[in-house]
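Since every read-out is calculated from the coordinates, none of them should be taken as a lab result. Everything quoted here is computed from the prediction, not taken from an experiment. Heads up, the Cβs are rebuilt from the backbone with ideal geometry, glycines too, and the neighbour counts pull from every protein chain shown.
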Amino acid sequence: MKGPLLKVENLVKHYPLGGGIFNKDPLVVRAVQDVSFSVETGETLCIVGESGCGKSTVARLLMRLSEPTEGRVLLEGTDIASLNAHALRDGRRRMQMVFQDPYSSLNPRLTAGQIITEPVENFERLSRRKREALAAELLQKVGLAPEIMHRLPSDLSGGQRQRVSIARALSLKPAIIIADEAVSALDVSVQAQILNLLMDIQEELGVAFVFISHDLGVVEHIGHRVAVMYLGRIVELASCEALFANPVHPYTEALIAAAPAPDHTKAPHAVPIEGEVPSSVSPPTGCAFHPRCPLAEERCRVEVPALTPMPDGRLVACHVRAPAEASV
Ligand code: ADP
Ligand code: MG
């Protein structure tokens, strides 16, 4: 395989808001605007940002649960839009998803064993003995006892249910798992257990993660690199270490300043973020963050800043902190 495991190029997703046929300029939600990134084998790329900034839309585009308005997604070098139904099924073996709420994403009428072996049974018929052996092996991988296979989702705790959905995602030995707010519904102590489980699984199996969360504390725990999104765009993409030690984009800085996690040193000039997230139907002109930004200049109101490489290798979209003319 040449190039990265997953490559996302200039993804755009607009949702039309049925404005009627007489409306010449129909309203659209600009959910994702020109998003590009790549993920290497065995790596965890986190996507973080406030609610509504487009994280779940990116996840759905990666899984081809929705078609992009523009741009493309390459999985192991292949454009997923070019896959026919059969090849897409195979592609889905390589890329699996874990959702926020395991209760609504698990079939309540199936036992845990049936749930986690179902993806494999879509490809090959298993004897009862083989199915139970596979279920036991997968349950063990996620730290659950084999007896759990006979239980229904309603008989499991929230943490156990999320472990079952991770086991299901692992059943086809994927190269990458897209986890959208996968621990957000869990208690803090259970969250930490699930994050540690995911990191152990990554070490053992070399699986990559796109880990989506609105929670910076969670991201800091699990991420290798972090993409910060604001109103549909990536505004900063950096190694986890660099991002938390020294946020460059004023939005990243404000997010970290506002985060409750006490265990990282705060940027000295950080001010808490003010104002509301603007609407993605009519985003502000220029840099979408400018109405809330303490550093905004005239240029920020007019021109969309490009993601610009900084000397330490991170990418930042900010006219003030990462002026394009001074880039490396
Ligand atoms: P996040 O996961 O970061 O909270 P989403 O990707 O769910 O954000 O949503 C991004 C934007 O797109 C929001 O403004 C949301 O209301 C809008 N949106 C998401 N799905 C749809 C849809 N199916 N139709 C119209 N608008 C949508
Ligand atoms: Mg979401």
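Taking the alpha carbon gyration tensor of the stretch 1-115, multiplying each eigenvalue by 5 and rooting it gives semi-axes of 27, 21, 15 Å, largest first.
State the extension gain, in nm to one decimal, for the chain segment bounded by Ser279 and Glu147, taking 0.36 nm per residue of separation less the distance between their alpha-carbons.
Working: separation 132, 0.36 × 132 = 47.52 nm, distance 4.86 nm.
Going from the current span to full extension adds 42.7 nm.
Among Ala87, Ala167, Ala136, the residue with the largest mean-square fluctuation in a Gaussian network model of the chain, with springs joining Cα atoms closer than 10 Å, is Ala87.
To make sure I understand, if each residue's beta carbon is the centre and we count other beta carbons within 10 Å, what order do Ile194, Ile166, Ile273 fall in, fewest to most?
Numbers: Ile194 23, Ile166 26, Ile273 19.
Ranking Ile194, Ile166, Ile273 by Cβ neighbours within 10 Å, fewest first, gives Ile273, Ile194, Ile166.
Taking Lys and Arg as +1 and Asp and Glu as -1, the other residues whose beta-carbon sits under 13 Å from that of Glu147 total -1.
Taking every lysine pair in the chain that is 8 or more places apart or spans two chains, those with Cα atoms closer than 24 Å amount to 8. Of all DSSP bridge pairs formed entirely within the chain, close to 60 percent run antiparallel.
Here the residues Cys53, Cys287, Cys293, ranked from fewest to most Cβ neighbours within 10 Å of their Cβ, fall in the order Cys293, Cys53, Cys287. Amide H to amide H, with H built 1.01 Å from N, Met229 comes under 5 Å of Val48, Gly49, Val235, counting only residues 5 or more places away or on other chains.
Taking the Cβ of Ala288 as the centre, find all other residues whose Cβ is under 10 Å away and add up their charges (Lys, Arg: +1; Asp, Glu: -1).
Details: positive: Arg30, Arg233, Arg292; negative: none.
Neighbourhood net charge equals +3.
Other residues with beta-carbon under 12 Å from the beta-carbon of Ile166 carry, at +1 per Lys or Arg and -1 per Asp or Glu, a net charge of +3.
Relative to its residue count, the chain spans a Cα convex hull of 161 Å³ per residue. Here the label points at Glu298 and Ser82, each 7 Å from Cα along the C-beta direction, are separated by 4.8 nm in the simple model.
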